[in-house]
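The values are calculated or read from the model by the stated rules, or taken from the named source; none is laboratory data. Here the structure is a predicted model, which is why all the values come from computation and not from measurement. All Cβ positions, even for glycine, are placed from backbone atoms using ideal geometry, and neighbour counts span all protein chains on display. In case anyone asks, the SASA skips ligands and DNA or RNA and just uses the protein heavy atoms, side chains included. Shrake-Rupley method; radii C 1.70, N 1.55, O 1.52, S 1.80 Å.
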Amino acid sequence: MVATEGGQMIGYKVRPGRKRELFDQVGLKNNDIVVSVNGIEVNEPQKVREVYQALKTATEANLEVMRDGSTQFIQIRMSSG
């Protein structure tokens, strides 16, 4: 879900969905707001396409997350198949 602040898109609010154990395992919390992935800010819808393209060949994802007013950094290693 898109997260906004002052009428501007700041990122995406995340929720666990069906794979709660994977969500918890990587360190995400319900309602975290992902503001960048591998250095690409996700504050515009077209940036999300850029992130998807970058993640197709990535071995890890470095997330910048806003949680309770502070910034968290989460590193996720991608499986190769």
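Numerical summary
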quantity: Members of region 32-47 found to be without any contact (Cβ under 8 Å) to a residue 24 or more places away in the chain and out of contact with any helix residue (DSSP H, G or I) (no Cβ under 8 Å at 6 or more places or on another chain), listed by number; calculated: Gly39, Gln46, Lys47
quantity: So Gly6, is it of a type outside the set (Phe, Trp, Tyr) and touching a residue at least 24 places away in the same chain (Cβ under 8 Å); calculated: no
quantity: Every residue from region 30-58 that is under 20 Å from Phe73 (Cβ atoms), assigned to a helix (DSSP H, G or I) and either open to solvent by 90 Å² or more (accessible area, probe 1.4 Å) or among the acidic types (Asp, Glu) (or both); calculated: Glu50
quantity: Meets criteria (at pLDDT 95 or above and loosely packed, with under 15 Cβ neighbours inside 10 Å) for Ser80; calculated: no
quantity: First in region 53-75 and under 12 Å from Val35 (Cβ atoms) and touching a residue at least 24 places away in the same chain (Cβ under 8 Å), second anywhere and basic (Lys, Arg) and surrounded by 11 or more Cβ atoms within 10 Å (Cβ to Cβ), Cβ under 8 Å, 6 or more apart; calculated: Arg67/Lys29
quantity: Counted residues, region 1-29 - those being closer than 20 Å to Gly69 by Cα, open to solvent by 80 Å² or more (accessible area, probe 1.4 Å) and assigned to a loop (DSSP other than H, G, I, E, B); calculated: 4
quantity: Residue in region 37-44 that is of a type in the set (D, E, K, R) and within 11 Å of the chain's Cα centre (by Cα) present; calculated: yes
quantity: Single condition Glu64 does not satisfy, out of (1) at pLDDT 95 or above; (2) loosely packed, with under 11 Cβ neighbours inside 10 Å; calculated: (2)
